[in-house]
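Reviewing the structure listed below.
The values are calculated or read from the model by the stated rules, or taken from the named source; none is laboratory data. Predicted, not measured: the structure shown is a model, and the values here were computed from it. Note that we place each Cβ from the backbone using ideal geometry, even for glycine, and neighbour counts take in every protein chain shown.
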């Protein structure tokens, strides 16, 4: 599994032009919170993985505006899944 993460300057949603550029550049997911941690971890030789919850599908490209309430709703719906992934991951790490 893998993908290309495109990082934008936050805190704000991306524009349609930014999303289209990131698509052309080969990005699979775009956000503002996955850096600079990944670069710093690599510099230190640490393994790094990102678990991302997509809270909006290509901001700026949809037919409707995305509100903060929409984002909060998706976050609330996704938190249980994130907890399950983290619990399972911890269990795997502790049994090694």
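Criterion first (farther than 29 Å from residue 90 by Cβ and out of contact with any helix residue (DSSP H, G or I) (no Cβ under 7 Å at 6 or more places or on another chain)) does residue 28 satisfy it? Please lay out each step first, then the result.
Numbers: farther than 29 Å from residue 90 by Cβ: no; out of contact with any helix residue (DSSP H, G or I) (no Cβ under 7 Å at 6 or more places or on another chain): yes.
In short, no.
If you go through the range 20-38 one residue at a time, how many are modelled with pLDDT under 90 and farther than 16 Å from residue 53 by Cα?
First, pick out the residues of the range 20-38 that are modelled with pLDDT under 90: 28-38.
Filter once more, keeping what is farther than 16 Å from residue 53 by Cα: 36-38.
Summing the residues that are modelled with pLDDT under 90 and farther than 16 Å from residue 53 by Cα in the range 20-38 gives 3.
Do we have residue 16 as touching a strand residue (DSSP E or B) at 6+ places or on another chain (Cβ under 9 Å) and surrounded by 10 or more Cβ atoms within 10 Å (Cβ to Cβ) here? First the steps, then the outcome.
Numbers: touching a strand residue (DSSP E or B) at 6+ places or on another chain (Cβ under 9 Å): no; surrounded by 10 or more Cβ atoms within 10 Å (Cβ to Cβ): yes.
No: the conditions fail for residue 16.
Scan the range 54-64 and give yes if some residue there is at pLDDT 90 or above, under 22 Å from residue 19 (Cβ atoms) and out of contact with any helix residue (DSSP H, G or I) (no Cβ under 8 Å at 6 or more places or on another chain), otherwise no. Can you show your working first?
So the first thing to find is which residues in the range 54-64 are at pLDDT 90 or above, and the list is none.
No, the range 54-64 contains no residue that is at pLDDT 90 or above, under 22 Å from residue 19 (Cβ atoms) and out of contact with any helix residue (DSSP H, G or I) (no Cβ under 8 Å at 6 or more places or on another chain).
Quick one: which residue in 22, 50 is touching a strand residue (DSSP E or B) at 6+ places or on another chain (Cβ under 8 Å) and within 22 Å of residue 86 (Cβ to Cβ)?
Numbers: 22 fails: within 22 Å of residue 86 (Cβ to Cβ).
Of the residues listed, the single one that is touching a strand residue (DSSP E or B) at 6+ places or on another chain (Cβ under 8 Å) and within 22 Å of residue 86 (Cβ to Cβ) is 50.
Quick one: which of 55, 85, 74 is in contact (Cβ under 8 Å) with a residue 12 or more places away in the chain and more than 22 Å from residue 13 (Cα to Cα)?
85
Run down 6, 10 and say which single residue is under 14 Å from the mean Cα position of the chain (by Cα), crowded, with 17+ Cβ neighbours inside 10 Å and touching a residue at least 12 places away in the same chain (Cβ under 8 Å).
Working: 10 fails: crowded, with 17+ Cβ neighbours inside 10 Å.
The conditions single out 6.
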